[in-house]
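Notes to accompany the following structure.
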Amino acid sequence: MTKPEKTHVVVPEAEITVRYLADYMAASERRRRSIIEGCKYRPLARLLQHKEAQITIASAIQSGTADPKTLETKADYIRNKLATDDFDALTNEANADYLERFSEVVASIKLPNAEILPGKKFPSVKVHGVKVKLKPHLLLARIDKKNVQRTGAFMLRYAKGKPLDPNVGGYQSAAVFGLLKNHLKEEGTEADRSICVTLDAFSGELYPAPGNSVTIFENMKAACQTISERWPNIPPPKGAII
């Protein structure tokens, strides 16, 4: 008898991205369980990704070419790209939709006054037993009045047809600030709350880290403790083959 193919892989040690940690903080108890389940059990099937749209937007912002016409042209190019199968065609369509929507709101977006640098993937930070992953789409930098180098980060969010919950935007930017404070301790620069921002590419709303971000991040750290304790007892999704 043929052994059924695996559908998911188990992540044995608790880990979560900044994005999903922000979602978790603003979620109902039922949704929180679903978020942890999704982080623990990774599907082996290909997942729809918005990477091409995100890279395009980040590059356009950094180069100063984030104007509607350029973005619309790129969206048309992506939509009409040769696809190897239906999934590729669907991915192209999703990325084109993302760019088209962003092109409609880009003119209203005003980023903080800062130097715009390429994004980077930071090493995971262990927060109360949970590896928290941070990979900003861009870094922002400025020199303050005391001639101190200060660093922030820019992250994109997007859901088709739906604006980002402002609470989630605030949580995400607060988490970015909290994690950057840890990462930048020994790099000769300081994390700057005013240039830690999350942009909703659907609405064009920019969510900077709130004034009480230190307190918010402490609450997020406490939530990580709960996630770590719950992780071993979260069962796989219904029908999953591990």
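Take the conditions (1) open to solvent by 70 Å² or more (accessible area, probe 1.4 Å); (2) touching a Phe, Trp or Tyr at 6+ places or on another chain (Cβ under 9 Å); (3) over 25 Å from residue 39 (Cα atoms); residue 205 misses just one of them, which is (2).
Among the residues of region 140-194, those that are among the hydrophobic types (A, V, I, L, M, F, W, C), surrounded by fewer than 21 Cβ atoms within 10 Å (Cβ to Cβ) and assigned to a strand (DSSP E or B) comprise 141, 143. Checked across region 30-42, the condition of being under 22 Å from the mean Cα position of the chain (by Cα), closer than 30 Å to residue 178 by Cβ, outside any helix (DSSP H, G or I) and in contact (Cβ under 8 Å) with a residue 60 or more places away in the chain holds for at least one residue. Looking only at region 199-220, which residues are out of contact with any Gly (no Cβ under 8 Å at 6 or more places or on another chain) and part of a helix (DSSP H, G or I)? Of everything in region 199-220, those that are out of contact with any Gly (no Cβ under 8 Å at 6 or more places or on another chain) and part of a helix (DSSP H, G or I) turn out to be 215, 218, 219.
Across region 47-91, which residue is nearest to residue 115 (Cα to Cα) among those that are among the β-branched types (Val, Ile, Thr) and not in a helix (DSSP H, G or I)? Result: 65.
Within region 85-108, the residues that satisfy the criterion of being in contact with a Phe, Trp or Tyr (Cβ under 9 Å, 6 or more places away or on another chain) and within 19 Å of residue 198 (Cβ to Cβ) are 98, 101, 102, 105.
The values are calculated or read from the model by the stated rules, or taken from the named source; none is laboratory data. In this text, all values refer to a predicted model and were calculated from it rather than measured experimentally. So basically every Cβ, Gly included, is an ideal-geometry build from the backbone, and we count neighbours across all protein chains shown. Remember, those area values only see protein heavy atoms, side chains included, never the ligands or the DNA or RNA. Shrake-Rupley method; radii C 1.70, N 1.55, O 1.52, S 1.80 Å.
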